Amino acid sequence: MPKGDKPYHTARLITRREFVASGAAGTGLAAGISPVFGQAPAIRAGGVKAVVIASGNGNRFKNDGPVTAVEKAFRMITRGEDVLDAVIAGVNVCELDPEDTSVGYGGLPNANGVVQLDASCMHGPTRRAGAVACLEGVRTPSLVAKAVADVTDHHLIVGRDAQVFARTMGFTIEDDLNTDRSRARWLEWKRRTDPEHYLDPKKRAQAWYDAGLQMVREGLIDPEHYHGTINMNAITVKGELCGVTSTSGLAWKIPGRVGDSPILGAGLYVDNAVGAAGSTGRGEANLYNLCSFLIVEHMRQGMAPKDAGLDALRRVKASTTEKRLLNSTGKPNFALNYYIVNARGEFAGVSMYATTYAACTENGAQTLNTEALLEGKPTD
């Protein structure tokens, strides 16, 4: 079986046809859009347009294939395939591409040189969600997260038991997900810093963080990949929303560290009647504020995606007070980005500092500029 293929066959989300037959579609789960199946694939219907949005790597890597992650997901949803299947297939493009060092195979490892992966998914129409954290040995943690949603009553499985669960579901378990590139970057970081990583508490691991940022400044690590992650959210013309977040986490993290990506309400949140939001960047800042949930709640109150995201960033900025997390201008010294779509298909990418994000619509795949809260750069 090719690595990354769906290994389990008897356990799955219900199909769109089954969803209609169950009567669930008539209860408002599809945000008021009448789900008429069997019609020709479309990109607009009932005032809703099909949209896929993602972090910038969603329109950068192809894993030697013909399309980027957002293009793959968009093609699938406009063919009428399940929105979560489509988005996970898109995310798999980045997870399986060894050139993307922020997720999956070849993701930058933890302080011990071990690649530990986190992922979450939320399926708006069925109100299902699943996540895994500190998963080792599986290139596509997003598919394991989907298995959690499909076959268990749980939302989050972690660590060694997440790997046991993955093996039970038939996933291939590999001894090492490092590539030569990711291992070389880790060895260079190892050379620069205390190998124990547990420094004087008064220093708050500043030397550990500085060593990584120095590698960013020297071009050894893509600044977008130091904190890693891909988030992808989508809506179909029938108003079906979903989101997926997958990451190898903060480069050189203390083993066992879990960021925001697998935590519902932080790294990802979806409400099919309202919208979806997900994040990349400094997970701890996002966890402290549970901003994906906050953004969706803002949209529930009528805020546009851009305004909801910028307000969440203002809250993060206001709660960032530790000196070690501030740059020379007194602003946050880290990146944090949100990718947002509402139930009408309106979308936005917002960020603490200017960067890019990916989108695919009827106009094709694009790399767009985010709306930034602050001027300058986190390293100023």
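The values are calculated or read from the model by the stated rules, or taken from the named source; none is laboratory data. This is a predicted model, so every value here is computed, not measured. When we count neighbours, we look across all protein chains shown, and the Cβ atoms used for this are built from the backbone with ideal geometry, even at glycine.
Quick notes on this one:
- Within the stretch 162-176, restricting attention to residues that are of a type outside the set (S, T, N, Q) and touching a strand residue (DSSP E or B) at 6+ places or on another chain (Cβ under 8 Å), the residue that is nearest to R257 (Cα to Cα) is A162.
- Among residues that are free of Cβ contacts under 8 Å to residues at least 60 places away in the same chain, under 25 Å from C121 (Cβ atoms) and over 17 Å from the mean Cα position of the chain (by Cα), A354 is not included.
- Filter result for A304 (at pLDDT 95 or above, surrounded by fewer than 18 Cβ atoms within 10 Å (Cβ to Cβ), within 26 Å of C121 (Cβ to Cβ) and among the small types (G, A, S)): yes
- Note on the stretch 75-123: among residues that are among the polar types (S, T, N, Q) and crowded, with 24+ Cβ neighbours inside 10 Å, the one that is farthest from E174 (Cα to Cα) is S120.
- Set side by side, the residues V138, V103, V144, V87 differ, and just one is of a type in the set (A, V, I, L, M, F, W, C), without any contact (Cβ under 8 Å) to a residue 40 or more places away in the chain and either under 17 Å from N233 (Cβ atoms) or assigned to a helix (DSSP H, G or I) (or both), which is V144.
- Candidates A335, A308, A304 - the one that is touching a residue at least 12 places away in the same chain (Cβ under 8 Å) and within 15 Å of N233 (Cβ to Cβ): A308
- Any hit, the stretch 319-335, residues being among the small types (G, A, S) and touching a Leu at 6+ places or on another chain (Cβ under 8 Å): no
- When A131 is tested against (1) free of Cβ contacts under 8 Å to residues at least 40 places away in the same chain; (2) assigned to a strand (DSSP E or B), exactly one condition is not met: (1).
- Yes/no for T355 being surrounded by fewer than 24 Cβ atoms within 10 Å (Cβ to Cβ) and touching a helix residue (DSSP H, G or I) at 6+ places or on another chain (Cβ under 7 Å): yes
- Residue match in the stretch 29-36 (condition: buried (at least 24 other Cβ atoms within 10 Å of the Cβ), at pLDDT 95 or above and under 20 Å from A343 (Cβ atoms)): no
- All positions within the stretch 149-161 that are in contact with a helix residue (DSSP H, G or I) (Cβ under 7 Å, 6 or more places away or on another chain) and either surrounded by 22 or more Cβ atoms within 10 Å (Cβ to Cβ) or within 19 Å of R257 (Cβ to Cβ) (or both): I157
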